[in-house]
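The values are calculated or read from the model by the stated rules, or taken from the named source; none is laboratory data. Remember, it's a predicted structure, so these values are computed and weren't measured experimentally. Ideal geometry is used to build each Cβ from the backbone, glycine not excepted, and the neighbour counts take in all protein chains shown. The area values use the complete protein model at the heavy-atom level, side chains included, leaving out ligands, DNA and RNA. Shrake-Rupley method; radii C 1.70, N 1.55, O 1.52, S 1.80 Å.
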Amino acid sequence: SLIVKEDEIKSDKLPTDLNGLKIVQFSDLHFQNKDLLEDVINNINLRKPDLLFFTGDLLKEDEDLSTENRTELLNELKKLDTNALKYAVLGETDNDVAKAILIDAGFEILDNQSKFIYTNSNERISIIGINTNQDQKSIESFLNTYKESNQNTNYFTILLLHKPDYIDYVLPIINVDLAFAGHSHLGELNLFGLYPVTKKDGATKYTRDFYQLENTRFYISSGIGTDLYDFRLGARPSITYLRVVKEV
């Protein structure tokens, strides 16, 4: 059954106009269970997020969706709060069909790209999406270009990526305040919530649901669906709900 992991964070870099910013992250849907998806969407909409992030793997690997299932999935995703700004990054199972569904559902896919969100007083925050399906060189090239263009700024910066271990490519180059990843499912089978029985490539270093990496708060979702097994133990499906408060 679904759980909601909630937290509140404070930052003096957050624009005053965005005080109380509400963020929801969900990840690794691996769509196969409509009832669980409905539960996810209801819990997201209940919290009325300002920003909604999907961090990859919409479908099961090599899934050939029927027309009926594709329509069903898209119709459910379109029920997500229309007032939220929606951003996504891609996982290793996200083929052209998955990308089309995300776009049709109102998500902007950030594929080694950044996006600025402006407030009414012309302050801004930065959202960066990394494609962890690409190699380290491609990712670092994008990050260096981003750094060069924004080297004298101090925006509140949010990072989205699918595979959590790839954050080690990012933090030596740019400053990040808040980061979200998925992919690991926290092992799917997890002893006491601390020891994943299995580890996936790209999620062997960062195996828990939260890390404080110097100035970066890093949240790793346990995801929604299943991948390695057809059940979960000690790693219940979850969404992440954060409220960001201006620190004065």
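Okay, residues lined up against (1) touching a residue at least 60 places away in the same chain (Cβ under 8 Å); (2) under 30 Å from S149 (Cβ atoms); (3) aliphatic (A, V, I, L, M):
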site	(1), (2), (3)
R70	no, no, no
T82	no, no, no
N95	no, no, no
D104	no, no, no
N112	no, yes, no
T119	yes, yes, no
All but one of (1) more than 14 Å from the chain's Cα centre (by Cα); (2) polar (S, T, N, Q); (3) crowded, with 21+ Cβ neighbours inside 10 Å hold for T132, so report the exception by its number. (1)
Can you tell me which residue in segment 228-248 is modelled with the lowest pLDDT, limited to those that are out of contact with any Asp or Glu (no Cβ under 7 Å at 6 or more places or on another chain) and buried (at least 20 other Cβ atoms within 10 Å of the Cβ)? P237
Conditions (1) assigned to a strand (DSSP E or B); (2) surrounded by 14 or more Cβ atoms within 10 Å (Cβ to Cβ) -> D94 fails only (1)
Would you call L186 under 15 Å from Q25 (Cβ atoms), surrounded by 14 or more Cβ atoms within 10 Å (Cβ to Cβ) and at pLDDT below 70? yes
Contact list, first residue from segment 221-247 and closer than 21 Å to F54 by Cα, second anywhere and at pLDDT below 65 and acidic (D, E), beta-carbon distance below 8 Å, six or more apart or interchain, is T226/E188; D227/E188; L228/E188; R232/E188; A235/E188
Would you mind stating whether I173 is under 14 Å from S114 (Cβ atoms), at pLDDT 95 or above and either among the aliphatic types (A, V, I, L, M) or open to solvent by 10 Å² or more (accessible area, probe 1.4 Å) (or both)? yes
Quick check on segment 119-127. Is at least one of its residues open to solvent by less than 60 Å² (accessible area, probe 1.4 Å), farther than 20 Å from P15 by Cα, at pLDDT 95 or above and of a type in the set (A, V, I, L, M)? no
Segment 18-41 - residue that is at pLDDT 95 or above and open to solvent by 30 Å² or more (accessible area, probe 1.4 Å) and, of those, nearest to H162 (Cα to Cα): K22
Under 7 Å by Cβ, and 6 or more places apart or on different chains, what pairs join a residue from segment 142-163 that is within 25 Å of G182 (Cβ to Cβ) with one that is open to solvent by less than 10 Å² (accessible area, probe 1.4 Å) and assigned to a helix (DSSP H, G or I)? L143/V170; L159/V170; L161/I167
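Looking only at segment 49-78, which residues are of a type in the set (S, T, Y), over 19 Å from D35 (Cβ atoms) and open to solvent by 10 Å² or more (accessible area, probe 1.4 Å)? Break it down stepwise before answering.
Quick first cut of segment 49-78, residues of a type in the set (S, T, Y) only: 55, 66-67, 71.
Retained after the next criterion (residues that are over 19 Å from D35 (Cβ atoms)): 55, 67.
Correct list: T67 only.
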